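Everything on this sheet refers to the single structure shown next.
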Amino acid sequence: MTERPYVIDEMITAKAIAARIETLCREIVAEFGDTDKLVVVGLLRGSFVFIADLVRELDLPIEVDFLEASSYGDATESSREVRILKDLRGAIEGRDVLVVEDIVDTGHTLNHVTHLLASRNPARLKSIALLDKPSRREVDYRADWIGFDIPDEFVVGYGIDFAQRNRNLPYIGKVRFT
């Protein structure tokens with residue numbers, strides 16, 4: 001398959017992301033301030049940059065775990081079929097859990113994952129997404145915390161990829177095919 005040429009237009013700067021993470025972390029600390037340990041669950045792969053910056057700002061005792069779910073593959077559109085490719089290593093029963101997602105588009109992935117984790121009986125289960133595309137929602141789900149609402153654009157950067165490229169950009173950019 002020949003890759004279509006594209007350019008990336010910056011939408012959200014690295015500075016804006018950092019400032020928003022600081023605000024979000026204050027709210028998360030207020031919510032979980034009484035926890036003995038917060039299990040921060042990153043949804044791979046897109047959330048890895050966000051989770052790294054998030055946990056460095058959280059003034060809480062934390063444990064980090066990862067779950068890999070896929071509904072995109074190398075496509076620009078969700079398949080709507082959520083597959084769990086890697087499950088958590090640790091048990092979450094009776095524990096406080098924060099699920100970290102890069103972007104909520106149709107809502108299928110985060111909805112599926114939070115229902116799966118809720119079935120494991122955590123004490124508290126909350127979710128955070130860096131980006132939200134409410135106009136694309138097919139499932140009635142909204143993360144507890146949202147970094148930025150964005151329009152219906154295909155975006156990359158800050159851990160989010162297009163066919164495994166552009167994750168290393170320090171900002172969120174809109175993909176424009178040429």
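Looking only at residues of segment 132-146 that are out of contact with any helix residue (DSSP H, G or I) (no Cβ under 9 Å at 6 or more places or on another chain) and surrounded by 18 or more Cβ atoms within 10 Å (Cβ to Cβ), we find that the one that is farthest from Ile51 (Cα to Cα) is Lys133.
Give me the strands (runs of 3 or more DSSP E) completely within segment 77-138, filtered to those with at least 3 residues that are aliphatic (A, V, I, L, M) and touching an Asp or Glu at 6+ places or on another chain (Cβ under 8 Å), ordered by residue number. It would help to see each step written out before you state the result.
On the way: elements: 83-86, 96-104, 124-132.
Where strands (runs of 3 or more DSSP E) fall fully within segment 77-138 and carry at least 3 residues being aliphatic (A, V, I, L, M) and touching an Asp or Glu at 6+ places or on another chain (Cβ under 8 Å), they are 124-132.
Which of the residues that make up segment 155-176 are in contact (Cβ under 8 Å) with a residue 12 or more places away in the chain and assigned to a strand (DSSP E or B)? Matches in segment 155-176: Val155, Val156, Gly157, Ile160, Phe162, Ile172, Gly173, Lys174, Val175, Arg176.
Candidates in segment 148-159 are the residues that are at pLDDT 95 or above and not acidic (Asp, Glu); of these, the one that is farthest from Ile8 (Cα to Cα) is Phe148. His108 satisfies every condition listed in (1) buried (at least 19 other Cβ atoms within 10 Å of the Cβ); (2) closer than 24 Å to Asp53 by Cα except (2).
The values are calculated or read from the model by the stated rules, or taken from the named source; none is laboratory data. Note that the structure is predicted; figures quoted are calculated from it, not measured. Using ideal geometry, Cβ is built from the backbone for each residue, glycine included, and neighbour counts are taken over all protein chains shown.
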